[in-house]
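Undergrad: Structure incoming, see below.
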Amino acid sequence: MPAIASKKSYRVGRSKTGLGLFATLPIKKGTRIIRYFGPILDSRIPEQDDIENKYLFELNGRWTIDGSVRKNVARYINHSCRPNAESDVRPRERKVFIRAIRNIEPGDEINYDYGTDYFKAYLKPIGCKCASCEAKRKKLRAEARAERARVKARAERKADKAGAKGAAKKKKLNGKHFNGKLVSAVR
Ligand SMILES: [Zn+2]
């Protein structure tokens, strides 16, 4: 039996991308945090199959939970590519629970991986804003910056060398006869 949080261990709060769900108590790995719920849609009924929103949670080929209802606080949980929770899908019971897959500290944002279909449809086009992807982007930006600095330094060293050579040449020529004529100094 999975552990079930006895007290409410979360609150809705501001996250970087809008609202999110945050732990208010320590949540142990494996604990059920919250249920993701809403009306059950039957894909065999055309008007139910036509419903389209960002909070649909597919249980299997036939049944889908419409989690867009206000009471479904779990809908505030944001996606992460490196999450601290997961969805525990029970198609037979037509239930979904969000369960901790790591120990979560008070103040931590609770995340789970929304899955490939959602990612492709909604996150990839705008760029995933999860902490893991932001960190990756930050690292890439820093590497690009370092590379630009390296290229610039290299170019400056080259220019300095060329400048030094040029100056040396000029010095040699300055005030000396060249092909029998005095080559004028600095032009
Ligand atoms: Zn991500």
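Undergrad: Tell me yes or no: at least one residue of the stretch 71-78 is within 16 Å of the ligand (Cβ to nearest atom) and within 23 Å of the chain's Cα centre (by Cα). Can you show your working first?
TA: Initially, the stretch 71-78 is screened for residues within 16 Å of the ligand (Cβ to nearest atom), giving 77-78.
The next check asks that each one be within 23 Å of the chain's Cα centre (by Cα); those that pass are 77-78.
Yes: the stretch 71-78 contains one or more residues that are within 16 Å of the ligand (Cβ to nearest atom) and within 23 Å of the chain's Cα centre (by Cα).
Undergrad: Now a separate question. Looking at (1) at pLDDT 95 or above; (2) touching a His at 6+ places or on another chain (Cβ under 9 Å), which is the one condition that is false for Cys130?
TA: (1)
Undergrad: Among Arg102, Arg141, Arg150, which is the only one that is in a loop (DSSP other than H, G, I, E, B), open to solvent by 50 Å² or more (accessible area, probe 1.4 Å) and either touching an Asp or Glu at 6+ places or on another chain (Cβ under 9 Å) or more than 13 Å from the ligand (Cβ to nearest atom) (or both)?
TA: Going through Arg102, Arg141, Arg150 in turn, just one is in a loop (DSSP other than H, G, I, E, B), open to solvent by 50 Å² or more (accessible area, probe 1.4 Å) and either touching an Asp or Glu at 6+ places or on another chain (Cβ under 9 Å) or more than 13 Å from the ligand (Cβ to nearest atom) (or both): Arg102.
Undergrad: For the stretch 119-131, indicate whether the set of residues that are within 16 Å of the ligand (Cβ to nearest atom), assigned to a strand (DSSP E or B) and assigned by TED's automatic domain parsing to the domain that holds Arg82 is non-empty.
TA: no
Undergrad: Something else: Residues of the stretch 69-85 being within 12 Å of Tyr36 (Cβ to Cβ) and surrounded by 15 or more Cβ atoms within 10 Å (Cβ to Cβ), which ones?
TA: Matches in the stretch 69-85: Asn72, Val73, Ala74, Arg75, Tyr76, Ile77, Ala85.
Undergrad: Can you name the number of the only condition in (1) of a type in the set (Asp, Glu); (2) more than 16 Å from the ligand (Cβ to nearest atom); (3) assigned to a strand (DSSP E or B) that Glu86 fails?
TA: Of the numbered conditions (1) of a type in the set (Asp, Glu); (2) more than 16 Å from the ligand (Cβ to nearest atom); (3) assigned to a strand (DSSP E or B), the odd one out for Glu86 is (2).
Undergrad: Would you tally the residues in the stretch 27-52 being assigned to a loop (DSSP other than H, G, I, E, B) and touching a strand residue (DSSP E or B) at 6+ places or on another chain (Cβ under 7 Å)? Before the answer, list the steps.
TA: First pass over the stretch 27-52, keeping only residues assigned to a loop (DSSP other than H, G, I, E, B): 28-31, 37-39, 43-45, 50-52.
Of the ones still in play, those that are also touching a strand residue (DSSP E or B) at 6+ places or on another chain (Cβ under 7 Å) are 28-31, 37-39, 43, 51.
The total comes to 9.
Undergrad: Separate question: I'd like the full set of residues that are within 15 Å of the ligand (Cβ to nearest atom) and either open to solvent by 70 Å² or more (accessible area, probe 1.4 Å) or more than 15 Å from Ile34 (Cα to Cα) (or both), limited to the stretch 105-116.
TA: Asp113, Tyr114, Gly115, Thr116
Undergrad: Hey, Asn60 hits all of (1) in a loop (DSSP other than H, G, I, E, B); (2) open to solvent by less than 60 Å² (accessible area, probe 1.4 Å); (3) under 24 Å from Val12 (Cα atoms) but one; which does it fall short on?
TA: (3)
Undergrad: All but one of (1) modelled with pLDDT of 95 or more; (2) of a type in the set (Lys, Arg); (3) within 16 Å of His79 (Cβ to Cβ) hold for Lys28; which doesn't?
TA: That leaves (3) as the condition not met.
Undergrad: Oh, and also: Being modelled with pLDDT under 95, buried (at least 19 other Cβ atoms within 10 Å of the Cβ) and polar (S, T, N, Q) narrows it down to one residue among Ser9, Ser15; which is it? Lay out the reasoning, then the answer.
TA: Working: Ser15 fails: buried (at least 19 other Cβ atoms within 10 Å of the Cβ).
The unique qualifying residue is Ser9.
The values are calculated or read from the model by the stated rules, or taken from the named source; none is laboratory data. Only a predicted model underlies this, so the values are computations on that prediction, with no experimental measurement involved. With ideal geometry, Cβ positions are generated from the backbone for all residues, glycine too; neighbour counts draw on all protein chains shown. Ligands, DNA and RNA are excluded from the accessible area calculation, which covers all protein heavy atoms including side chains. Shrake-Rupley method; radii C 1.70, N 1.55, O 1.52, S 1.80 Å.
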